[in-house]
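Shown next, in structure tokens, is the structure this report addresses.
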Amino acid sequence: MTTFAKTYGQMQQMLVDRQVDMGLVLSARAYQALKAGAPFQPVWDRTIVNWDDLVVPKDAPNKEKAMRFIAFASQAEPSARLAELASVQPINEGIEPRYDRIQQTVNPFTPARRHSIVRADAAWWGRNFDQVTKRYTAWLAG
């Protein structure tokens with residue numbers, strides 16, 4: 001039986017509660033699930049990597065402050081610290097956060113796991129997001 005989580009939190013809880021035998025899960029959520037005692041090990045066949053961006057909207061009232069924050073957050077030390085606190089990857093792959101043992105378990109960027117990384121194509125998703133969403137929704141509805 002296939003089960004789809006409606007939220008990232010539900011995805012994490014299904015792992016903790018042993019409601020699923022396998023899951024496609026974000027590394028930060030996998031980390032939290034493992035911390036809560038979920039009994040699973042990651043499989044490193046393929047790891048889809050996406051990213052988030054910090055942006056300043058046009059005509060933002062505090063543009064200069066926002067730009068200074070982005071410059072600060074992009075530096076190695078703050079980026080590493082955020083990665084450690086949120087259990088995510090830093091802004092630059094050359095930055096090496098001091099992850100704990102469990103975080104290392106779900107880190108796809110270790111030398112032994114880099115082979116599994118597949119980078120999402122943001123341009124393709126930008127062009128096709130609406131169409132894929134419609135098709136996926138229709139498929140879910142049966």
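Residue count for the stretch 60-72 satisfying the condition of being in contact with a helix residue (DSSP H, G or I) (Cβ under 8 Å, 6 or more places away or on another chain) and aromatic (Phe, Trp, Tyr): 1.
Looking only at residues that are among the aromatic types (Phe, Trp, Tyr) and within 23 Å of ALA120 (Cα to Cα) in the stretch 1-57, which one is nearest to the chain's Cα centre (by Cα)? Looking at residues that are among the aromatic types (Phe, Trp, Tyr) and within 23 Å of ALA120 (Cα to Cα), I get TRP51.
When ASP52, ASP17 are checked against the criterion of being closer than 21 Å to ILE95 by Cβ and out of contact with any Leu (no Cβ under 9 Å at 6 or more places or on another chain), a single residue qualifies: ASP52. Residues of the stretch 97-109 that are in contact with a helix residue (DSSP H, G or I) (Cβ under 7 Å, 6 or more places away or on another chain) and either of a type in the set (A, V, I, L, M, F, W, C) or farther than 22 Å from ALA38 by Cα (or both): PRO97, ARG98, ILE102, VAL106.
The helices (runs of 4 or more DSSP H) falling completely within the stretch 1-112 that include 2 or more residues that are among the charged types (D, E, K, R) and farther than 30 Å from TYR136 by Cβ map to 63-73, 76-86. Considered as a group, the residues in the stretch 28-59 that are in contact with a helix residue (DSSP H, G or I) (Cβ under 6 Å, 6 or more places away or on another chain) and either hydroxyl-bearing (Ser, Thr, Tyr) or over 29 Å from VAL118 (Cβ atoms) (or both) include one that is most open to solvent (accessible area, probe 1.4 Å), and that residue is VAL56. Any residue that is farther than 22 Å from VAL118 by Cα and surrounded by fewer than 16 Cβ atoms within 10 Å (Cβ to Cβ) - is there at least one of those in the stretch 86-98? Yes, because at least one residue in the stretch 86-98 is farther than 22 Å from VAL118 by Cα and surrounded by fewer than 16 Cβ atoms within 10 Å (Cβ to Cβ). Taking only pairs six or more apart or across chains, which ones have beta-carbon atoms under 6 Å, a first residue in the stretch 123-138 that is over 15 Å from TRP51 (Cβ atoms), and a second residue that is at pLDDT 95 or above and of a type in the set (A, V, I, L, M, F, W, C)? Correct list of pairs: empty, since none qualify.
Only one of the numbered conditions (1) in contact with a Ser or Thr (Cβ under 6 Å, 6 or more places away or on another chain); (2) farther than 19 Å from TYR31 by Cα is not met by ALA76, and that is (1). Among residues of the stretch 6-27 that are among the aromatic types (Phe, Trp, Tyr), those with a beta-carbon under 8 Å from a residue that is assigned to a loop (DSSP other than H, G, I, E, B) at least six positions away or on a different chain give the pairs TYR8/LEU26.
The values are calculated or read from the model by the stated rules, or taken from the named source; none is laboratory data. Keep in mind it's a predicted model, so treat the numbers as computed, not measured. As a convention, Cβ positions derive from the backbone with ideal geometry for all residues, glycine included, and neighbour counts pool all protein chains shown. These accessible areas exclude ligands, DNA and RNA; they are computed on the full protein's heavy atoms, side chains included. Shrake-Rupley method; radii C 1.70, N 1.55, O 1.52, S 1.80 Å.
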